[in-house]
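In what follows, a structure is listed as structure tokens, so that the remarks can point back to it.
What follows is calculated from the coordinates using simple rules that are stated; it is not laboratory data. Computed from a prediction, not measured in an experiment: that's the story for all the values here. With ideal geometry, Cβ positions are generated from the backbone for all residues, glycine too; neighbour counts draw on all protein chains shown.
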Amino acid sequence: MTDDITGGGREGPGSQWYDNEAGPLVRPYAMTGGRTRPGPTGVRFDLIALVTREVGAPDVDDAVLGPEHRTLIDLCRTETQSVAELAADADLPVGVVRVLLGDLVELGCVAVSRPVPPAQLPDERILREVIDGLRAL
């Protein structure tokens, strides 16, 4: 018999979610304070939205930020990351990352931008003409 998550040794429905090697379990709603949506930032956190650490961002007290917030800030320090990359690198669900990023945007720690829409990119024909012109030189 295996022990359940509380260590009481009871067998029953849902008592074998994790084995002893799984470590402590923190529910996503505990990381976000029960919130499921980012605060009133007005920013859309699509999977491809780009997150950058703000230059000269204010130092925020550790009491305000949790360890997950700090992880996201550290991941953004090296280079711009997409929301999907941050979720994967931090090993957090995307919904949790969106809520945490909303907090960080409100505190001025990170900025979120959208990638260039395909309609605003140069036409492929123009790029080919430029390449052909360079080759002709």
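Give, as a single signed number, the net charge of other residues whose beta carbon lies under 14 Å from the beta carbon of Pro115, with Lys and Arg counted +1 and Asp and Glu -1. The partial results should precede the final answer.
Numbers: positive: Arg44, Arg114; negative: Asp46, Glu85.
The answer is 0.
Compute the length gained on full extension between Arg128 and Glu79: take 0.36 nm times their separation in residues and subtract their Cα-Cα distance, giving the result in nm to one decimal. Provide the component values of the computation, followed by the final result.
Values: separation 49, 0.36 × 49 = 17.64 nm, distance 3.01 nm.
Stretched fully, the Arg128-Glu79 segment lengthens by 14.6 nm.
Using the Cβ atoms and a cut-off under 15 Å, what net charge is assigned to the surroundings of Val130, where Lys and Arg are +1 and Asp and Glu are -1?
Numbers: positive: Arg125, Arg128, Arg135; negative: Asp123, Glu124, Glu129, Asp132.
Computed value for this residue: -1.
Please report Rg over Rh for the range 82-129, where both radii come from the alpha carbon positions and Rh follows the Kirkwood definition. Show your work: numbers first, answer last.
Working: Rg = 15.9 Å, Rh = 13.1 Å.
That ratio equals 1.22.
Fewest Cβ neighbours within 10 Å first, please rank Val94, Val51 accordingly.
On the way: Val94 14, Val51 24.
Exposure proxy ranking, most exposed first: Val94, Val51.
Residue by residue, what Karplus-based ³J(HN,Hα) values in Hz, rounded to whole numbers, does the range 122-137 have, using 6.51, -1.76 and 1.60 with θ = phi - 60° and x for Gly and Pro?
These are the phi-based 3J(HN,Hα) values: x, 5, 4, 4, 5, 5, 5, 5, 5, 4, 4, x, 5, 5, 5, 5 Hz.
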